[in-house]
Structure formats: structure tokens, C-alpha cells
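The values are calculated or read from the model by the stated rules, or taken from the named source; none is laboratory data. None of the values given here were measured: they were computed from a predicted structure. Note: ideal-geometry Cβ built from the backbone for every residue, glycine included; neighbour counts use all protein chains shown.
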Amino acid sequence: PPLSLSSLPVFIRVPFFSFQGERLRIPANKCCPECVSSSQSSCHYEGVTYGWSPSSCSLCVCSRGSVSCSAKPCPQLTCPPDQSLFTPEGECCPKCGRNGASCSWQGAPYRDGQQWNPSSCSRCFCSDGQVQCSVAECRQVACKPDENLVIPAGQCCPQCVSNPCLSAGKQYQHGQQWRKDDCTTCVCDRGQSRCNTDTCGPVTCDKGQTKVRRAGSCCDECAAAKGSCLYQGAVRYHGDMWNATGCEFCSCDRGQVLCQRAECGRVACPQVSKKRG
């Protein structure tokens, strides 16, 4: 039977609970809800207690909708006479560090004995007020005739990579695939473009059908000779169904385009239980 706009109701699920720092939310320009992090970190689930870490330095426990947070415990440290406790930037627990003079590097302070990496190729060390830096050593690389010497992003040493392929003015790296046309698929194999062309068999249509080739398709197929639709400049044939938007589906029914919104299923957030003992 033909589709009608009133044949199916539209159900929109709305957030109705929070669980372990998550809740349901329908994002903008989307239809179905998703599990997202809750800034209030509230939860309730059959009175069972759940814990999680909203930050690296705190631990929160949620019980019956009430949230309580505390700092993560740190191990007790006893430093040698020539060292003292300090907490590195970005960390929660203190460490033992040398008592020598601190260093300054590009406006940032570093304690005596602290190491850091100014770049992917260098490492620096603070030694009693003096900054000592070293640069990484790269091994010699000899590339093959069909390879290029490049330094990948975020790395320090060069590597050999296969030459790219050129097709219609575009570059493709080794292993990349692309569509040369509606019937031809190509892959770059160490600088060589290797292509495969689809073959189409004979098409015999029944009475009342006609042979058509859809946009983006390689081979002919049979479609209803009458009752086609024009939708946003594209020809659709009787019986076709397509996704118009994220939530809306349309069909061509005897020359008429009929659309309806999809029903959203309920999204279940992951539930993590805490074993006793």
C-alpha cells in the first residue's frame, strides 16, 4: 500500500534520567537521542552506588541521586635528605625532587632533575639551574627508486614512503582507493594506479518496465516505465525509497513523493555495576 504522512506517528524520545554521569540528549539537527556526559554528575539506579572519576585528581561516588567527591589518595613518601616533595604540573600526587636550583625554559619553570621534551626531536634536563638539551639521532635511510624520503607529522626521523599516484590531477598515497568513473575503481600500488572496471550483464525488462541507468551507477536496471518522480533535481522511479534527511524517508508512489519521519528507538546508556568485597 502507498505510504501516507499519517500512517506512522512520530516519537521523539527525550532525556529522562541520568546514570553514572551520563544522560540522554537529542543533539541539534538530529533525531535520535544519545548518551552524553552530565556536568552535574547526578545519578540514580535502584539505590546501587556507582563511582567514577570526573578528573584525574578526584573520585566521585553517586548513591541514590546524591553525589560526594573526594581527592584521590596519594602514597606516603619519605624523601632523601637531598630531596624534597613537590607536585609536578598536571599531576595530583607529590614526588621527590632534588633540592638544586630550578631552571626556566621559554618562560616555564622546571625543578632540578626534571626532564621535558620541547619538540619531538629534543629532550631537555634541568641540572642545578642549568638547562641541558640533546637532539635525537636518526639512523641513515636509503629509499628505493619508487619511494620518497619524508618526515611524518609529529615524528622526528625521516621514513621511506611509496611514491603517490596521480589521477585527474589528484594525488593518492599507497593503498588509497578512488572511483575513476561510475564503472571503474582504482587503487594506488607503490606509485602505480591499478584499476578494475565493472562488467554489466544483459538486462531484459518485464512488460511495463523500462531500462534505466541511475546516477552514479554503472549498469542498466529495470524500473517502472510510468509514475516516476522528480525530487530535488533527481529522477526517482515508482517504488524507490531514499533517505531525505537524518530522520525523514521518502518514496516515489505513482509519480507522487511521500515522506515520513522515522521513529526513534530508546537509547540505553551503559550500566556498570560495582562488585561488593
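Take Arg179 and tell me if it is over 30 Å from Pro145 (Cα atoms) and among the basic types (Lys, Arg).
Details: over 30 Å from Pro145 (Cα atoms): no; among the basic types (Lys, Arg): yes.
When the stated conditions are applied, Arg179 does not pass them.
Hand me the list of strands (runs of 3 or more DSSP E) wholly inside region 53-164 holding 1 or more residues that are over 31 Å from the mean Cα position of the chain (by Cα) and modelled with pLDDT of 85 or more.
On the way: elements: 58-63, 66-71, 83-86, 95-98, 103-105, 108-110, 115-119, 122-127, 130-135, 147-150, 159-162.
Hits in region 53-164: 83-86, 95-98, 103-105, 108-110, 115-119, 122-127, 130-135.
Just to check your reading of the model, which residue among Gln171, Gln192 is exposed (fewer than 12 other Cβ atoms within 10 Å of the Cβ), of a type in the set (S, T, N, Q), closer than 30 Å to Cys219 by Cα and not assigned by TED's automatic domain parsing to the domain that holds Thr87? Show your work before the answer.
Values: Gln192 fails: exposed (fewer than 12 other Cβ atoms within 10 Å of the Cβ).
Answer to the check: Gln171.
May I ask you to list the residues in region 202-246 that are closer than 30 Å to Tyr172 by Cβ, assigned to a loop (DSSP other than H, G, I, E, B) and either among the polar types (S, T, N, Q) or at pLDDT 90 or above (or both)?
Of everything in region 202-246, those that are closer than 30 Å to Tyr172 by Cβ, assigned to a loop (DSSP other than H, G, I, E, B) and either among the polar types (S, T, N, Q) or at pLDDT 90 or above (or both) turn out to be Ser217, Cys218, Cys219, Asp220.
Select from region 197-218 the residues that are hydrophobic (A, V, I, L, M, F, W, C) and in contact with an Asp or Glu (Cβ under 7 Å, 6 or more places away or on another chain) and write down the one among them that is nearest to Asp182 (Cα to Cα).
Step one: list which residues in region 197-218 are hydrophobic (A, V, I, L, M, F, W, C), which gives 200, 203, 205, 212, 215, 218.
Filter again for in contact with an Asp or Glu (Cβ under 7 Å, 6 or more places away or on another chain), leaving 200, 203, 212, 218.
On the way: Cys200: 12, Val203: 18, Val212: 14, Cys218: 5 Å.
In this case the residue turns out to be Cys218.
Name every residue in region 208-244 that is surrounded by 13 or more Cβ atoms within 10 Å (Cβ to Cβ), polar (S, T, N, Q) and without any contact (Cβ under 8 Å) to a residue 24 or more places away in the chain, in order of residue number.
Once the filter is applied, which keeps residues that are surrounded by 13 or more Cβ atoms within 10 Å (Cβ to Cβ), polar (S, T, N, Q) and without any contact (Cβ under 8 Å) to a residue 24 or more places away in the chain, region 208-244 yields Gln209, Thr210.
Enumerate the pairs (first residue in region 89-109 and of a type in the set (Phe, Trp, Tyr); second residue anywhere and modelled with pLDDT of 90 or more) with beta-carbon separation below 6 Å, excluding pairs fewer than 6 apart on the same chain, so at least 6 apart or on different chains.
Note: pairs meeting the criteria are Trp105/Val131.
Of all residues in region 165-201, count the ones that are in a strand (DSSP E or B) and under 28 Å from the mean Cα position of the chain (by Cα). Give the derivation first.
Step one: list which residues in region 165-201 are in a strand (DSSP E or B), which gives 165-167, 170-172, 177-181, 184-189, 192-197.
Cutting the leftovers down to under 28 Å from the mean Cα position of the chain (by Cα) gives us 165, 170-172, 177-180, 185-189.
So the count comes out to 13.
Within region 129-168, restricting attention to residues that are of a type in the set (Ser, Thr, Tyr) and within 19 Å of Arg194 (Cβ to Cβ), which residue is surrounded by the most Cβ atoms within 10 Å (Cβ to Cβ)?
Of all residues in region 129-168, those of a type in the set (Ser, Thr, Tyr) come to 134, 162, 167.
Filter again for within 19 Å of Arg194 (Cβ to Cβ), leaving 162, 167.
Working: Ser162: 18, Ser167: 14.
Checked region 129-168; the qualifying residue surrounded by the most Cβ atoms within 10 Å (Cβ to Cβ) is Ser162.
How about region 247-263: which of its residues are in a loop (DSSP other than H, G, I, E, B) and over 34 Å from the mean Cα position of the chain (by Cα)? Outline the logic, then answer.
Filtering region 247-263 down to residues in a loop (DSSP other than H, G, I, E, B) leaves 247, 254-255, 262-263.
Residues satisfying the conditions are Arg254, Gly255.
Scan region 199-207 and tell me whether some residue there is surrounded by 14 or more Cβ atoms within 10 Å (Cβ to Cβ) and not assigned by TED's automatic domain parsing to the domain that holds Thr245. Let's see the steps before the verdict.
First pass over region 199-207, keeping only residues surrounded by 14 or more Cβ atoms within 10 Å (Cβ to Cβ): 205.
Cutting the leftovers down to not assigned by TED's automatic domain parsing to the domain that holds Thr245 gives us 205.
Yes, there is a match, as at least one residue in region 199-207 is surrounded by 14 or more Cβ atoms within 10 Å (Cβ to Cβ) and not assigned by TED's automatic domain parsing to the domain that holds Thr245.
Within region 96-125, work out how many residues are crowded, with 16+ Cβ neighbours inside 10 Å and under 21 Å from Cys57 (Cα atoms).
Residues meeting the conditions: 1.
Tyr172 passes all but one of (1) under 30 Å from Arg214 (Cβ atoms); (2) touching a His at 6+ places or on another chain (Cβ under 8 Å); which number fails?
Every listed condition holds for Tyr172 apart from (2).
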